[in-house]
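Encoded as structure tokens, the structure appears first; notes follow it.
The values are calculated or read from the model by the stated rules, or taken from the named source; none is laboratory data. The structure displayed is predicted, hence computed values, not measured ones. Glycine also receives a Cβ, built like all others from the backbone with ideal geometry; neighbour counts cover every protein chain displayed. Just the protein is used for accessible areas: all its heavy atoms, side chains included, with ligands, DNA and RNA removed. Shrake-Rupley method; radii C 1.70, N 1.55, O 1.52, S 1.80 Å.
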Number of protein chains: 2
Amino acid sequence: MKVTTVTSVANKEEFLPSWNEGLAKEKIVKFVQTLTDRDSSFFVPERERIATFDLNGTLWIEKPNYIQMEFELQSIYKKALKNPKLQNIQPYKAVFENDKDYLYSMGSKDMMRALFNTHEGENESDYINEIRNYLKSTNHPKFEKPLIELVYLPMIELIEYLRTNAFKVYIVTGGDLGFTRAISEESFKIPPENVIGSFVKYNLTSKNGEARVIRGKILSLNGNEDKPGNIQLFIGRKPILSVGNSDSDIQMFNYTKSNKSKSLCLLLKHDDEKGEYSYNKRAKNVLNLVKKNKWTIISMKRDFKRIFAFEKSE
Amino acid sequence: MKVTTVTSVANKEEFLPSWNEGLAKEKIVKFVQTLTDRDSSFFVPERERIATFDLNGTLWIEKPNYIQMEFELQSIYKKALKNPKLQNIQPYKAVFENDKDYLYSMGSKDMMRALFNTHEGENESDYINEIRNYLKSTNHPKFEKPLIELVYLPMIELIEYLRTNAFKVYIVTGGDLGFTRAISEESFKIPPENVIGSFVKYNLTSKNGEARVIRGKILSLNGNEDKPGNIQLFIGRKPILSVGNSDSDIQMFNYTKSNKSKSLCLLLKHDDEKGEYSYNKRAKNVLNLVKKNKWTIISMKRDFKRIFAFEKSE
């Protein structure tokens, strides 16, 4: 394999400034240089340069709890407070009474359906604006910064690097598609059409003569085995690069790996207790599969120079 | 309003060569020049330049019958022939016995569901390849050319013109999303991720260790009031330009019209019996709304110099 740097690819010093030199950065840069090199047998035309990123724990913090989960809980609580009749109806009752046992006994899929369905009838723009306000006005308990700032700077740089090399970059998350659009463009410059998530049916209505869409019931969840299905639905091509951090990304990695072109799967490892958190609770299976599948680990402790933009540059 | 031609916009003589000079072409060119002009108060940033095109009767021929309908009928017939047990099960029975009364008595939504669901379990790539073969090997009864050539050349030019002006161009059709992807890229240079149609749930499976997706049951139809809902789902922005030809595009036009930016809705009128067909059976309501809403009619007879690429240039 001949690897030459093509002129359109800026050199690696200009990109990924928050990454330490090392195996992960090296793999990424070599992969991108190879597939963008017209003389390489691994050249991939621009239209097939699809990259898919998980959201929670991959692009932003997911501890001590998923950010959307926290949003939903406070949103449901506020609704139950305002409308006491709801206090006897699930899932409002459980949230109002802080009955976590009930919620978790539903199983994660039914719980997500129940939580996401509480926005039925809401105008999608209002929903998105409410989330933006929440993310800007709510501080993270550990870092004491607004949640919107808890995005991983090296991942923003990676997305930018891929885009510079004509990748189409998508978010593929188990969270709600509309929720994710509240931050995708502002934080990652990912346009709304490049967001894939759990989704509701959107219903047409009109207000003061203006056509608008409101949220209906949940139509598709987007975790685990549903990620490849929804990648087919929204993109219609297999990714050549995927980034994730948990067991729910295994199927997306396998799907990416089955691409006829050379592919790269990157697993973010949360191993920096001081800089973020150290945990692998939902990542044990995927970690076991890394070696056999030649997936690449990104260690937050080893590979990231800085995790968040608000940290002082060294 | 000041309208100046910006240098990045090629002048109108180079574009739309199969269009006659006249009101429709003039409206289109003026609209595009205005919204791409940074000095205009109607300037629209690139990310918001969303154009949505209906497919059947807007981008290609839909007479004497919808092309996908013909494909489904022959596909179902072949399956029933191969597997006689199916001959007693609907919708195979009705198709096998050419019982059109039964099919139409289902209502168009249930008929579409029944037809599209006959592909449940099929690998999506195989399904798409089968359609491509069908479109290349089946001649149109009137024009005696392969169906794949029955696309409207002026519409290809319009899509190209919009793309040159940084529009993101989408197909938004009542037909199946996978079916449409079989021609969208080849005929219109519209990539698979820019196709919105009726869609099934895609299920993950594997064959010889290769991860792949197969078709499940229909999850969403995409006609009439569902077009704006699915535009929100797939794009997340309102279009500023929509093109259609029938009553099932009314809601998409209204949605486009409700964009805060200046918008343009184009209604293709089939009024050229010699060049194509002359009919307005499914377009009576939308035609009545044109004047009040200031939508623009494209007359195939008056505005198109050539309809199909296989016609000799004058």
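Which helices (runs of 4 or more DSSP H) does region B:105-170 wholly contain that include 1 or more residues that are open to solvent by 20 Å² or more (accessible area, probe 1.4 Å) and within 14 Å of chain A (Cβ to nearest Cβ)?
Details: elements: B:108-116, B:124-137, B:153-164.
The qualifying helices (runs of 4 or more DSSP H) are B:124-137, B:153-164.
Considering only residues that are open to solvent by 60 Å² or more (accessible area, probe 1.4 Å) and either part of a strand (DSSP E or B) or touching a residue at least 12 places away in the same chain (Cβ under 8 Å) (or both), look in region B:181-212 and name the one that is farthest from the other protein chains (Cβ to nearest Cβ).
Just the residues of region B:181-212 that are open to solvent by 60 Å² or more (accessible area, probe 1.4 Å), to begin with: B:185-186, B:189, B:201, B:206-210.
Restricting the remaining residues to those that are either part of a strand (DSSP E or B) or touching a residue at least 12 places away in the same chain (Cβ under 8 Å) (or both) gives B:186, B:189, B:201, B:206-207, B:210.
On the way: B:Glu186: 13, B:Lys189: 10, B:Lys201: 7, B:Ser206: 8, B:Lys207: 10, B:Glu210: 5 Å.
For region B:181-212, the residue satisfying everything is B:Glu186.
For region A:226-260, give me each residue that is in a loop (DSSP other than H, G, I, E, B) and over 18 Å from the mean Cα position of the chain (by Cα). Steps first, answer last, please.
Let us first name the residues in region A:226-260 that are in a loop (DSSP other than H, G, I, E, B), namely A:235-240, A:245-246, A:258-260.
A:Gly236, A:Arg237, A:Ser258, A:Asn259, A:Lys260 - these are the residues of region A:226-260 that are in a loop (DSSP other than H, G, I, E, B) and over 18 Å from the mean Cα position of the chain (by Cα).
For the structure I just gave you, tell me whether A:Thr58 is modelled with pLDDT of 95 or more, in a loop (DSSP other than H, G, I, E, B), crowded, with 18+ Cβ neighbours inside 10 Å and out of contact with any helix residue (DSSP H, G or I) (no Cβ under 6 Å at 6 or more places or on another chain). Steps first, please.
On the way: modelled with pLDDT of 95 or more: yes; in a loop (DSSP other than H, G, I, E, B): yes; crowded, with 18+ Cβ neighbours inside 10 Å: yes; out of contact with any helix residue (DSSP H, G or I) (no Cβ under 6 Å at 6 or more places or on another chain): yes.
It is true that A:Thr58 is modelled with pLDDT of 95 or more, in a loop (DSSP other than H, G, I, E, B), crowded, with 18+ Cβ neighbours inside 10 Å and out of contact with any helix residue (DSSP H, G or I) (no Cβ under 6 Å at 6 or more places or on another chain).
Scan region B:213-225 for residues that are more than 8 Å from chain A (Cβ to nearest Cβ) and part of a loop (DSSP other than H, G, I, E, B) and jot them down.
If the condition is that a residue be more than 8 Å from chain A (Cβ to nearest Cβ) and part of a loop (DSSP other than H, G, I, E, B), then B:Leu221, B:Asn222, B:Gly223, B:Asn224 are the ones that fit.
From A:Ile218, A:Ile297, grab the single residue that is surrounded by fewer than 22 Cβ atoms within 10 Å (Cβ to Cβ), modelled with pLDDT of 95 or more and within 25 Å of B:Tyr170 (Cβ to Cβ).
On the way: A:Ile297 fails: within 25 Å of B:Tyr170 (Cβ to Cβ).
So the residue among A:Ile218, A:Ile297 that is surrounded by fewer than 22 Cβ atoms within 10 Å (Cβ to Cβ), modelled with pLDDT of 95 or more and within 25 Å of B:Tyr170 (Cβ to Cβ) is A:Ile218.
Since A:Gly236 meets every condition but one in (1) at the interface with chain B (Cβ under 8 Å from one of its Cβ atoms); (2) in contact (Cβ under 8 Å) with a residue 60 or more places away in the chain, which condition does it not meet?
The failed condition is (2).
If we scan region A:240-256, do we find a residue that is open to solvent by 20 Å² or more (accessible area, probe 1.4 Å), farther than 25 Å from A:Met111 by Cβ and in contact with a Lys or Arg (Cβ under 6 Å, 6 or more places away or on another chain)?
The first filter runs over region A:240-256 and keeps only residues open to solvent by 20 Å² or more (accessible area, probe 1.4 Å), leaving A:247-248, A:250-251, A:254.
In the following step, the residues that additionally are farther than 25 Å from A:Met111 by Cβ were identified as A:254.
Add one more test, that the residue is in contact with a Lys or Arg (Cβ under 6 Å, 6 or more places away or on another chain), and what stays is none.
Scanning region A:240-256, I find no residue that is open to solvent by 20 Å² or more (accessible area, probe 1.4 Å), farther than 25 Å from A:Met111 by Cβ and in contact with a Lys or Arg (Cβ under 6 Å, 6 or more places away or on another chain), so the answer is no.
List the residue pairs whose Cβ atoms are under 8 Å apart, where the first residue sits in region A:77-95 and is in contact (Cβ under 8 Å) with a residue 24 or more places away in the chain, the second is basic (Lys, Arg) and assigned to a helix (DSSP H, G or I), and the two are 6 or more positions apart or on different chains.
Every condition considered, the pairs that remain are A:Tyr92/A:Lys79.
Could you tell me whether region B:261-283 includes any residue that is within 13 Å of chain A (Cβ to nearest Cβ), assigned to a helix (DSSP H, G or I), crowded, with 21+ Cβ neighbours inside 10 Å and under 17 Å from the mean Cα position of the chain (by Cα)? Spell out the reasoning first.
Start the filter on region B:261-283 by keeping residues that are within 13 Å of chain A (Cβ to nearest Cβ), which leaves B:263, B:265.
Imposing the further condition that a residue be assigned to a helix (DSSP H, G or I) reduces the set to none.
Among the residues of region B:261-283, not one is within 13 Å of chain A (Cβ to nearest Cβ), assigned to a helix (DSSP H, G or I), crowded, with 21+ Cβ neighbours inside 10 Å and under 17 Å from the mean Cα position of the chain (by Cα), which makes the answer no.
If only one of A:Glu97, A:Glu70 is closer than 30 Å to A:Asn222 by Cα and surrounded by fewer than 13 Cβ atoms within 10 Å (Cβ to Cβ), which one is it? Show your work before the answer.
On the way: A:Glu70 fails: surrounded by fewer than 13 Cβ atoms within 10 Å (Cβ to Cβ).
Every option except A:Glu97 fails the conditions.
Can you name the condition, by its number, that A:Ile297 falls short on among (1) in contact with an Asp or Glu (Cβ under 8 Å, 6 or more places away or on another chain); (2) more than 14 Å from every other protein chain (Cβ to nearest Cβ); (3) of a type outside the set (Asp, Glu)?
All conditions are met except number (1).
From (1) at pLDDT below 95; (2) more than 30 Å from B:Tyr255 (Cα to Cα), pick out the condition that doesn't hold for A:Ser206.
(2)
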